[in-house]
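First up is the structure itself, then whatever we jot down about it.
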Amino acid sequence: MRIYFNILLVLFVFLSFNSLANDAEQYKGMEIYKIEFFGNKVIQNDRIYNLMAVREGEKFDDEIIKNDLRNLYKTEYFYKIDLLSEIVNDKLLLVFRFEENPILSDLRLQGNDKLSDNDILDVLPIQKGKLTSRDKLEMTKSIVKQFYLMKGFNKVQVEEKITPVGQGSIQYELDIVEGDRGYVKGIVLKGSGQQFYRDILKRLETKTKWVFSGITGRGRLSEDIINLDRSNIRSFYLDNGFVNVKVSKPRIDYIESKDGYLVVFDVEEGDRYKVGTITFAGDLLDDKDLSDYTTLDESIYFNLSKMQQDIENLTIVYGDESYAFANIDPIFNQDDDLKQISIKYNMEKGEKYKVNKISIFGNTRTRDKVIRREIKIKEQDPYSGTKIKASKRFINRRGFFESVDIKEIPSKDKPNYLDVEVTVEEKPTGYFSIQGGYSSVEALLLGVQIQENNLWGYGKQLGASVTVGTVSQNFLIDYGDPYFLDTSYQFKMSLFRRQYEYIDYDRERWGGTLMFGKELNTWTFADIKYRYENIKVDDLTTEATEIFQERNDKISSVSFGMRYDTRDNFLDPTRGISTSLSIEESNSYFGANLHFTEYTGKFSKYFQVTSGHTMAYSFESAFIDFRNTEKRLIVSERYYLGGPENLRGYKFARVSPRRTLSNGEFVRIGGNKYVYSTLEYLYPLALETGLKGILFVDVGQVYEETEVVDKNPWDMKKDIGFGFRWLSPVGPLKLDFGFPLGNRKSDESKYEVQFSFGSVF
């Protein structure tokens, strides 16, 4: 009977049901005795009924019905809903007729070679296996096209194909012709004064196309990066006193004649303001002059970044007094006549806190204790902002993590206690590399190195390397534990064997080292090292015997060293200082037959010019004092420069004092002292690929015993050069081109090339 009624109902709908819109007034107050649904195949009746407010047995209300229809359409289950009505025995029968949106049974992408399926699917409003509205289907094509345009593909073509595949289901296919990726050919800053034009361009991540863009990706159009640069421009002006600056949404114009894009930023600079008075109010610290911790001074141009840094510094000052949640609120007074911004920092101390529990998250490989020992604050300690900041820095500089985040959360169980949550994101710490060097006159030198810096997650290091060339063979294996036996002492050991076939003699050396060290304070480290080495010099040419002797030497030495290191990262520093001093003594008391004292000093400084741009300066020097040599020339311990680690414009170990032989030829004898310095500038070439460029200047020289160290760098060996640093998908790549400056000797080439290529694991 029920089936019969429904069949009759469907047939009767188009013949006798009246439109609700026409008859709503006459139905007002009438009892609804029945609600029927038909046309729905996927969405069940119970599901629809629960989404509605209208009920059988209740009075008809036009507003309730309208609201129900709106809610049903919001579900996106239905493409079309018809509401039909009929009066039966003075009561109202309501019939909802549905046309459901189809189920997307299959979603296919074709022709997308340069952008992945996942990249495209992430932006689509439709999803495989879900009901799909026709409105969303109509949007999809344009969304994909817009996504490609945003990625710089200005000539993309997108076609769609919709195919029914069974009742209520469709297959949706997008056929994409990507075309070539578009490039930025020009950047315009309208309204920006010439005073800042070049400085702003340097700060922008958007770059114009250059000769190597096909390789590096520089200059590719990216709407995301362009919008980021809008913020970068505004930040620049706020850091230079323009407190009312306005930067409109950037305009991107395709220039057909240049086959590229012109990016236009419209800037309204406004007036430039200086800092007026700086005052402090509220909960002040009795024993602190807060102005000592601020860098923003009166009468200089307002700088938002400096002010934000000052707030952070003040927060740390209060944090060191255990006020973990001190609030520093800057209140501004803008004087438009004097063009000044006065700042009053309102200080709220809050409560003092101690550390309750320290928890570590995100480490699936690295052991908790490896991270915990780098945390400079302990459970039950009074809270310290400086120690929290130092902890993040120390964890980061181990080089094990992509990111480190530390949060302080009030404890739920203990009042005035904090739970410290350390969250890390791990990265590969193993390293495999193939290394080499080449010059126009030197043969190829190849090497293989494997290194793990976080062995089994315990923070230990283990590495081995083999280098083979036409004149040399080297083998090295080393092991290090920065927290030996879970103490504050560091332990390192190494075993090595090195062979070198010089033009005039051969040299073989083998041995090993043992080192123990200890951290004296946050940044200072001291160590003691023992070295044993056996050295053999033989196969001398007749001419070389005029200077050298065939001999076996044995070194047994003890050295003491001090190191001060504030670098933010050991592997890839961007700021900080590293300096070290050492003295090494080899004599008969330790079992050596080669006696000497060696002094070595090194200094390096790193600092960020702007985001992603790093300057690095290094200086090193060494001096060795030989004894009991019987006036013979000690070959093994003398100094040479040149190669990938110092003077990059010269061949390996070719910068050296020389002695002329009786046949008119010369031999390099090395020196007993040297100086070397370099200045490097690292800058991003392509933000999205991680490719960096490097410019460098090297200066250095090696001296004999009888020579005085020349302090004039322009009388030393010097070179300039450029190179690349790229963390490629298959591993890090290093490539340097060095060009010597000044007069070259006959055996010195016009340039040198050094490279290394490896992979991480």
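The values are calculated or read from the model by the stated rules, or taken from the named source; none is laboratory data. These numbers were taken from a predicted model, which means no experiment stands behind them. Cβ: placed from backbone, ideal geometry, glycine included. Neighbour counts: every protein chain shown.
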Exercise for the section: Starting from residues that are modelled with pLDDT under 80, of a type outside the set (D, E, K, R) and out of contact with any Leu (no Cβ under 9 Å at 6 or more places or on another chain), keep the ones in region 715-743 and report whichever is surrounded by the fewest Cβ atoms within 10 Å (Cβ to Cβ). Expected result: PRO729
Practice task
Quick one: which residue in ASN593, ASN646 is of a type in the set (S, T, N, Q), surrounded by 16 or more Cβ atoms within 10 Å (Cβ to Cβ) and not in a strand (DSSP E or B)?
Solution key: ASN646
Fill in the blank from the handout: Only one of GLU63, GLU86 is within 19 Å of GLY29 (Cα to Cα), modelled with pLDDT under 90, touching a Phe, Trp or Tyr at 6+ places or on another chain (Cβ under 6 Å) and not aliphatic (A, V, I, L, M), namely GLU86
Completion exercise
Turns out the strands (runs of 3 or more DSSP E) fully within region 405-475 with at least 1 residues that are modelled with pLDDT under 90 are 430-439, 445-455, 460-468
Practice task
Could you list, in sequence order, all residues of region 346-372 that are β-branched (Val, Ile, Thr), over 30 Å from ASP289 (Cβ atoms) and surrounded by 14 or more Cβ atoms within 10 Å (Cβ to Cβ)?
Solution key: ILE358, ILE360, THR366, VAL370, ILE371
Handout entry: In region 177-202, the residues that are aliphatic (A, V, I, L, M) and either assigned to a helix (DSSP H, G or I) or under 21 Å from GLY612 (Cβ atoms) (or both)
Key = VAL184, ILE187, LEU189, ILE200, LEU201
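Table: residues versus (1) over 18 Å from ASP478 (Cβ atoms); (2) part of a helix (DSSP H, G or I); (3) within 31 Å of the chain's Cα centre (by Cα); (4) basic (Lys, Arg).
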| site | (1), (2), (3), (4) |
| --- | --- |
| THR522 | yes, no, yes, no |
| TYR532 | no, no, no, no |
| SER559 | no, no, no, no |
| ARG563 | no, no, yes, yes |
Fill in the blank from the handout: Picked from region 163-176 (must be surrounded by fewer than 14 Cβ atoms within 10 Å (Cβ to Cβ) and in a strand (DSSP E or B)), the residue nearest to the chain's Cα centre (by Cα) is THR163
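In the set ILE343, ILE331, ILE375, which member is at pLDDT 90 or above, crowded, with 17+ Cβ neighbours inside 10 Å and over 32 Å from the mean Cα position of the chain (by Cα)?
Values: ILE331 fails: crowded, with 17+ Cβ neighbours inside 10 Å; ILE375 fails: over 32 Å from the mean Cα position of the chain (by Cα).
Criteria check complete, one pass: ILE343.
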Exercise for the section: Go through region 602-620 and count every residue that is hydroxyl-bearing (Ser, Thr, Tyr) and crowded, with 17+ Cβ neighbours inside 10 Å. Expected result: 4
Practice task
Any residue in region 48-67 that's touching a residue at least 24 places away in the same chain (Cβ under 8 Å): show its pairings with residues that are assigned to a helix (DSSP H, G or I) and among the polar types (S, T, N, Q) at Cβ separation under 8 Å, as long as the two are six or more apart or on different chains.
Solution key: LEU51/ASN71
Handout entry: Count of region 79-136 residues which are surrounded by fewer than 17 Cβ atoms within 10 Å (Cβ to Cβ), over 25 Å from ILE35 (Cβ atoms) and of a type outside the set (A, V, I, L, M, F, W, C)
Key = 18
Handout entry: Evaluation of ASN396 against (1) outside any strand (DSSP E or B); (2) polar (S, T, N, Q); (3) closer than 22 Å to LYS412 by Cβ (one fails), failing number
Key = (3)
Completion exercise
Counted residues in region 473-516 being within 21 Å of SER556 (Cβ to Cβ), more than 32 Å from the chain's Cα centre (by Cα) and of a type in the set (Val, Ile, Thr) come to 1
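Answer with yes or no whether LEU107 is hydrophobic (A, V, I, L, M, F, W, C), in contact with a Pro (Cβ under 9 Å, 6 or more places away or on another chain) and in contact (Cβ under 8 Å) with a residue 60 or more places away in the chain.
No: the conditions fail for LEU107.
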Exercise for the section: Would you tally the residues in region 177-199 being loosely packed, with under 13 Cβ neighbours inside 10 Å and among the small types (Gly, Ala, Ser)? Expected result: 1
Practice task
Only helices (runs of 4 or more DSSP H) wholly contained in region 41-145 count here; list those with 1 or more residues that are of a type in the set (S, T, N, Q) and not assigned by TED's automatic domain parsing to the domain that holds GLN26.
Solution key: 117-121
Practice task
Report yes if GLU25 is loosely packed, with under 12 Cβ neighbours inside 10 Å, modelled with pLDDT of 85 or more and in a helix (DSSP H, G or I), otherwise no.
Solution key: no
Practice task
Filter region 744-761 for residues that are farther than 29 Å from GLU665 by Cα and modelled with pLDDT of 70 or more and give the result.
Solution key: PHE755
Problem - Leading residue by the ranking (farthest from the chain's Cα centre (by Cα)) among those in region 383-404 that are surrounded by fewer than 18 Cβ atoms within 10 Å (Cβ to Cβ) and either at pLDDT 95 or above or among the hydroxyl-bearing types (Ser, Thr, Tyr) (or both) - result: THR386
Exercise for the section: For region 116-150, name all the residues that are more than 20 Å from ARG181 (Cα to Cα), of a type in the set (A, V, I, L, M, F, W, C) and in contact with an Asp or Glu (Cβ under 7 Å, 6 or more places away or on another chain). Expected result: LEU131
Handout entry: Number of positions in region 121-168 that are small (Gly, Ala, Ser) and either touching a helix residue (DSSP H, G or I) at 6+ places or on another chain (Cβ under 8 Å) or farther than 30 Å from LEU262 by Cβ (or both)
Key = 4
Practice task
Check whether at least one residue in region 678-687 is crowded, with 16+ Cβ neighbours inside 10 Å, under 27 Å from GLU598 (Cβ atoms), in contact with a helix residue (DSSP H, G or I) (Cβ under 6 Å, 6 or more places away or on another chain) and modelled with pLDDT of 90 or more, and report yes or no.
Solution key: no
Problem - Tally of residues being under 17 Å from LYS185 (Cβ atoms), crowded, with 19+ Cβ neighbours inside 10 Å, more than 20 Å from the chain's Cα centre (by Cα) and at pLDDT 85 or above across region 203-260 - result: 0
Problem - Neighbours by Cβ (under 6 Å, 6+ apart or cross-chain): first from region 697-709, under 14 Å from ASP625 (Cβ atoms); second hydrophobic (A, V, I, L, M, F, W, C) - result: TYR703/VAL709
Practice task
Identify all residues within region 565-590 that are under 20 Å from MET515 (Cα atoms) and assigned to a loop (DSSP other than H, G, I, E, B); write none if there are none.
Solution key: PHE570, ASN587
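Out of region 327-341, which residues are over 15 Å from PHE242 (Cβ atoms) and without any contact (Cβ under 8 Å) to a residue 40 or more places away in the chain?
ASN327, ILE328, ASP329, PRO330, ILE331, ASP337
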